[in-house]
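The values are calculated or read from the model by the stated rules, or taken from the named source; none is laboratory data. Keep in mind it's a predicted model, so treat the numbers as computed, not measured. Cβ atoms come from the backbone with ideal geometry, glycine included; neighbour counts cover every protein chain shown. Quick note on the areas: whole protein, heavy atoms, side chains included, nothing else; ligands and nucleic acids left out. Shrake-Rupley method; radii C 1.70, N 1.55, O 1.52, S 1.80 Å.
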Amino acid sequence: MSELIVEVVRSGFVESVHRARVLAVDASGSPVMRHGEVDTLVSPRSSMKPLQALGMVRSGLPLADELLALACASHAGEDFHVEGARKILAEAGLDESALGCPEALPEDTAARHRAIRAHAEPARVFMNCSGKHASMLATCVVNGWPVGTYLDPGHPLQRAIRTTVEEFTGERVAATGVDGCGAPLFFVSMVGVVRAFRRFTLAAEGTPERRIADAMRAHPEWTSGTARPEAALMRALPGLMVKAGAEAFDAFAFADGRAAAVKIEDGGSRARVPVTVAALRALGLDAPELDGFAVSPLLGGGREVGEIRVRRP
């Protein structure tokens, strides 16, 4: 089994390495790039959010456009993200106190500084998963389900999401954990994740899964942030749907069914984007804008002294 290694090069010396698992398939679903044990269980973390949103839409979640993209987001806490989450809650007759995610300050630097200058306390609505949680609550309201226990794995909402995950991955959920935001986390294989993402972009127009894919691609800043690499990749490659997850997971699918999943084994997020770009290029998906993500600069004393890159053959 071949290895894919990401090197951290400082002042001409390889200082550290990260090992990656990658599965990339072509438009027919045949593997083009395979490294590591992609058949074993993994924790895709927030890369599963489109699947969670699909379970909600199938259960009657009445969102569209940028707010539907926000339901899939690991957002940066920018003002429009926060206002969007508040809008979802308000339309469901709820407020921020209903959110079950942890309190946080915005991850976006400018938004965080504004919050600090305004003496704002950490709040649940600032947390990067607040769009998903607001959407979960809105789905409960539509169905008359209890809102106070919406994160319980046995709740009707979470059972509906699990059913969707199993259908789209083509796998039984092997285990259920707790994500960083407190929501149930379903363990599947990278093969299953790739299979699910392909179904989003290959679906017929108007279907719930295609509506989610289209919302994410039309509003990439709403799924991540204005300065996030996921948004930049989707802008550079129209037709691409990308969703990152914690502990250095990434999944993407293109309009014609080309798709991939990436997992950095040690959870080192700095290695994630260079590997994702390598997978895109292996599938023939490229653009000049990707050059800035294929190799990340490494700083020393405030200046560039090295780089983070996929090991050259």
Subject >> Set A204, A174, A213, A183: member being touching a residue at least 60 places away in the same chain (Cβ under 8 Å) and open to solvent by 10 Å² or more (accessible area, probe 1.4 Å) >> reply: A174
Subject >> Any helices (runs of 4 or more DSSP H) falling wholly within segment 135-240 and containing at least 3 residues that are closer than 29 Å to A98 by Cα >> reply: 156-169, 208-218, 220-223
Original post:
Yes or no: A279 among the small types (G, A, S), over 30 Å from D79 (Cβ atoms), in contact with a strand residue (DSSP E or B) (Cβ under 6 Å, 6 or more places away or on another chain) and in a helix (DSSP H, G or I)?
Top reply: yes
Original post:
How about segment 247-302: which of its residues are at negative phi, of a type in the set (G, A, S) and open to solvent by less than 10 Å² (accessible area, probe 1.4 Å)?
Top reply: A251, A253, A259, A260, A261, A271, A279
Original post:
What are the residue pairs meeting all of these: first residue in segment 256-267, first residue over 14 Å from S46 (Cα atoms), second residue in a strand (DSSP E or B), Cβ atoms under 6 Å, and 6 or more apart or on different chains?
Top reply: A259/V25; A259/A253; A260/A24; A260/F252; I264/H18; I264/A20; E265/R19; D266/H18
Subject >> Candidates E96, E83, E107, filtered to the one that is open to solvent by 10 Å² or more (accessible area, probe 1.4 Å), within 25 Å of A246 (Cα to Cα) and in contact (Cβ under 8 Å) with a residue 40 or more places away in the chain >> reply: E107
Original post:
Any idea how many residues of segment 146-160 are open to solvent by less than 40 Å² (accessible area, probe 1.4 Å) and of a type in the set (S, T, N, Q)?
Top reply: 1
